[in-house]
Structure formats: structure tokens, C-alpha cells
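Heads up: the structure comes next, in C-alpha cells.
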């Protein structure tokens, strides 16, 4: 009896020593991470648990791998580097250099640990984290397709949610997966919970606004879009938020506020096609005195690209103001008289604008376009078929 008790106490002693050692290793590795010694931190954990049998060690290795890698090969192999105090990981990420490379197949390792420790719900969260990061970095070009990744993220994060170990990022990422599946009603409560846990989570506010917009709740869509506008610091993202607000007001037929926020979006992010196009459309619709200046700004984005001409044609045709656009294009014939591609486009689209009102003039412009494009394009270019189609319409 005494012998059995001695063995039991001995086993307990070994387990206690192991736990203390594990705790010490985790503390040491975390300290190394704080000091930007990422490779040393990962190697310390790897040396302690080379077979990836300890859940806590593996989860910290995962955290280092996903957040502090220098190079990743399909998130199956990771390179790390110890940095100096004034260095940042992004200064080295994706660049050539001599780095320590480690095999670390996170999803396979976590999957095996889940079979051994099915009640360790942190492992499911870790697996969700991994799939989400693989999705962000590689999308549909990873080892699993986009749809499969989305379903795996939802599946594993839902376990974390059900067992109350989910943070604001888990709720947000899960909501985002539903958003990509056009499941807007399912996404809304997840974004709301993310915001409840972190009210400064700008992306959660923005995507919640997006979800509300798609379920026709424009009041809440406006509320959260405006929140995201206030929270975003990045100019492009801030401009996107302002544009969403403008879009909502436009759908509500509130042109004044729509113009206000499109102008704000343009002010934040100058010469952005997605801001200028709807703003010009509103200026033309409301006969705003700024429309001529905006027309010039929008045209100057890409005077050699058909997209601009098609957009302008649609905007001015819908507002029954094609005459104004004709005069504008004519003025540009003088501005760009030495640039054949632009001159060809101007003549071609002038021909299209004249088809309904003056077929003779339309044909003249089509022929000028053909002559100009012949200088720069091979005779088999599709533009010549479009010109011939236009000329045929002038005969009807």
C-alpha cells in the first residue's frame, strides 16, 4: 500500500514539475515576443514540444506563426527573424533574406489535438483563427477553396462562441463569413456582439451597416456607417464609409445629403472613380453649378478608356442632357488633338451620341474614328467592328 502511494506521489510530482516547466516556457516565449525575438521565441517552444503534443505550447506557436512570420509558404512553412527594438516585422515581410524556416502545419496539428482533447475549446478557436488568416492571405488560392474555408471558419468559431471563449474578432470574422454568403440576417447579431465587446471596431460597424443595407434597414445602416466614418483613420477606408452613407441617402432620395457625403468622400480620397461617378450623376441630375468642373475631373481620370465614355453617355442620356456632353467632347478634340487614342475615342462616342438626332453627322464622326484608330490599331481590332456597327445604324 505504501509502495502504491509512493508511485502516485511520484507521478503527481512529475506532473507538477512539467506544469511548472510549461508555465516557465510559455512565460519565457511571451517575453521574447514582447522583445521582438520572434525566431528565438518560436524555437524555444519548438525545442520544448517538438512533436506538437502540448495544446498551450502549440497555440502560442500558432500565434507567433500567424502574426510574426517573415515569409509564409501556403501557411504550411514559416520563416521568422529576431528584430531589433526599432525594427518592424513589415519591414522584412515578403522580402529576400536569410531567415530560419520551420515546418508547421497548423490545421493538421490542431486537428490531431482536437481528437485527443475534444473539450479544449481553445483548440477550435485556434483552428478558426488559422483558417481565417489563410483566407485573408490566400483566399481561393490556398490548399482549400474559398467556400470550404468559409465553412471551416464558421464551424470552428461557432464552437468558440457556443462555449463562451469568443472575442470581438471571432464574432466579427464569423459575421463576415455570413456576409460573403449573402446571409445578412445571420451576420447582423454577430457584428452587434463584436461591437458590444469592442465599440471601437471600425470594420464591424462598417460591415454591420452593409448588412443592414441589404435587409432594407436604412436607419440602422446610416447609424453604423456614420460610426465607421468616425472610427476609420485610413483615408481609403474613411472614404468608403462616406460613400456608403452617400449611397444610402441617394436611395432615400435625399440628394442634398447624398451630395454632401459624396463630396466628403472625394475630399478624403481625391480622384477616386467610385466617388466621382455618382457625384457627377447627382450634379447633372440636380443641375448643380459644380457639374462642369466635376465632368472635367471625371473625364480626366482616363480619357483613353472606353469605360469613362460609356459612363458619361449613360449619365447624360438618363438626364436627357446629351447635348451638353456633345459640346464637352467637341472641346476635348482640341485639347487632345495630338493624342490619337483619345481623339479616336472622342470621335467614336460623338458618333454614338449623334445617332438618334443626326445620322449624317454621326457617320462623319465614325469615319473620323476609323481613320484615327487605323493609325494605332491592327485592322482586326474589335474597335473597327464597333465602328462598322455604328455606321450601319446611321443608314437605318
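The values are calculated or read from the model by the stated rules, or taken from the named source; none is laboratory data. Keep in mind the model is a prediction, meaning the values are calculated, not measured. Backbone-built Cβ (ideal geometry, glycine too); neighbour counts: all protein chains shown.
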Hey, residue 222 within 20 Å of residue 278 (Cβ to Cβ), surrounded by fewer than 22 Cβ atoms within 10 Å (Cβ to Cβ), in contact (Cβ under 8 Å) with a residue 24 or more places away in the chain and more than 16 Å from the chain's Cα centre (by Cα) or not: yes
Members of segment 259-305 found to be under 27 Å from the mean Cα position of the chain (by Cα) and either modelled with pLDDT under 95 or in a loop (DSSP other than H, G, I, E, B) (or both), listed by number: 269, 270, 271, 272, 300, 301, 302, 305
Condition broken by residue 170, with the remaining ones in (1) part of a loop (DSSP other than H, G, I, E, B); (2) closer than 23 Å to residue 119 by Cβ satisfied: (1)
Given (1) modelled with pLDDT under 95; (2) closer than 18 Å to residue 32 by Cα, index of the condition residue 65 fails: (1)
Output for segment 227-248, where each listed residue is touching a helix residue (DSSP H, G or I) at 6+ places or on another chain (Cβ under 6 Å) and surrounded by fewer than 20 Cβ atoms within 10 Å (Cβ to Cβ): 231, 235
Checking residue 51 against (1) modelled with pLDDT of 95 or more; (2) in the same structural domain as residue 23 (by TED's automatic domain parsing); (3) assigned to a helix (DSSP H, G or I), the condition it does not meet: (3)
Residues within segment 92-140 that are surrounded by fewer than 19 Cβ atoms within 10 Å (Cβ to Cβ) and assigned to a loop (DSSP other than H, G, I, E, B), tallied: 13
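Conditions (1) surrounded by fewer than 20 Cβ atoms within 10 Å (Cβ to Cβ); (2) in contact with a helix residue (DSSP H, G or I) (Cβ under 6 Å, 6 or more places away or on another chain); (3) over 30 Å from residue 263 (Cα atoms); (4) touching a residue at least 12 places away in the same chain (Cβ under 8 Å), marked per residue:
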| site | (1), (2), (3), (4) |
| --- | --- |
| 317 | yes, no, no, no |
| 323 | yes, no, no, no |
| 337 | yes, no, yes, no |
| 355 | yes, yes, yes, yes |
| 371 | yes, no, yes, no |
| 389 | yes, no, yes, no |
